[in-house]
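Scroll down for the structure; my scribbles are underneath it.
Values in this text are rule-based calculations from the coordinates and carry no lab data. Just so you know, these numbers come straight off a predicted model, no measurement behind them. Glycine gets a Cβ as well: all are built from the backbone with ideal geometry, and neighbour counts include every protein chain shown.
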Number of protein chains: 2
Amino acid sequence: MEFKNARIVKKANVYFDGKVTSRTIYTESGERKTLGIMLPGDYEFGTGAEELMEILGGEMDVCLPGETTFKTYREGDSFIVPANSKFKLILKTVADYCCSYKE
Amino acid sequence: MEFKNARIVKKANVYFDGKVTSRTIYTESGERKTLGIMLPGDYEFGTGAEELMEILGGEMDVCLPGETTFKTYREGDSFIVPANSKFKLILKTVADYCCSYKE
């Protein structure tokens with residue numbers, strides 16, 4: 001699968017000493033997305049806009065806002081994180097993801 | 001800096017257990033590039049087409065084909081790797097790069 005007529009920011013977004021990195025793209029319709037990689041580790045992220053996270057490869061255990069348990073999401077799965085909230089992730093393997101921002 | 005009217009492959013290229021990852025893009029003029037991240041480690045890569053490597057962030061020590069010593073390339077630097085050859089890299093920090101293929 002490819003995005004056509006996209007605008008791609010050349011420089012990467014780098015978090016957690018490079019264990020989480022992504023590239024920002026803007027699709028033909030103007031939607032902002034990031035295409036990213038997470039290496040094994042435990043992470044907490046905060047959202048601004050609502051996010052749709054699609055798992056493109058690997059898997060991640062996710063604790064969504066208001067939840068107390070982690071659920072495993074695998075390649076082909078997706079989940080939504082509400083705006084202005086925090087969520088936790090535990091990665092046991094490398095994972096490839098696409099995050100779409102609802103702005 | 002951004003690439004406009006580009007095509008980007010959604011799924012990442014993953015090497016060395018995710019310590020080296022990249023996304024493939026095709027620029028408006030049809031040139032193939034990869035935008036990638038290397039985590040600390042020692043790597044050897046082989047080329048098919050000639051590659052122009054630009055360092056977008058961080059730094060890497062590179063031993064080019066035919067050389068016996070490593071040279072440090074930093075943000076803003078670039079180097080060319082001939083087609084059908086091998087080169088070695090030592091990364092002490094995370095590095096962000098853009099690789100352009102001369103096809």
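Scanning region A:21-40 for residues that are buried (at least 19 other Cβ atoms within 10 Å of the Cβ) and touching a residue at least 60 places away in the same chain (Cβ under 8 Å) yields A:SER22, A:LYS33, A:THR34, A:LEU35, A:GLY36, A:ILE37. Each residue in region B:1-20 was checked for being without any contact (Cβ under 8 Å) to a residue 24 or more places away in the chain and either more than 19 Å from A:VAL94 (Cβ to Cβ) or in contact with a helix residue (DSSP H, G or I) (Cβ under 7 Å, 6 or more places away or on another chain) (or both), and 6 pass. Elements of the type strands (runs of 3 or more DSSP E) sitting completely within region A:1-58 and holding at least 3 residues that are more than 13 Å from the chain's Cα centre (by Cα) and at the interface with another protein chain (Cβ under 8 Å from one of its Cβ atoms): these cover A:2-9. Filtered by the rule that a residue be among the polar types (S, T, N, Q), within 14 Å of chain A (Cβ to nearest Cβ) and assigned to a loop (DSSP other than H, G, I, E, B), region B:68-95 gives a lone residue, B:THR93. Of the listed requirements (1) farther than 16 Å from B:ALA12 by Cα; (2) among the charged types (D, E, K, R); (3) surrounded by 15 or more Cβ atoms within 10 Å (Cβ to Cβ), A:GLU44 misses just one: (3).
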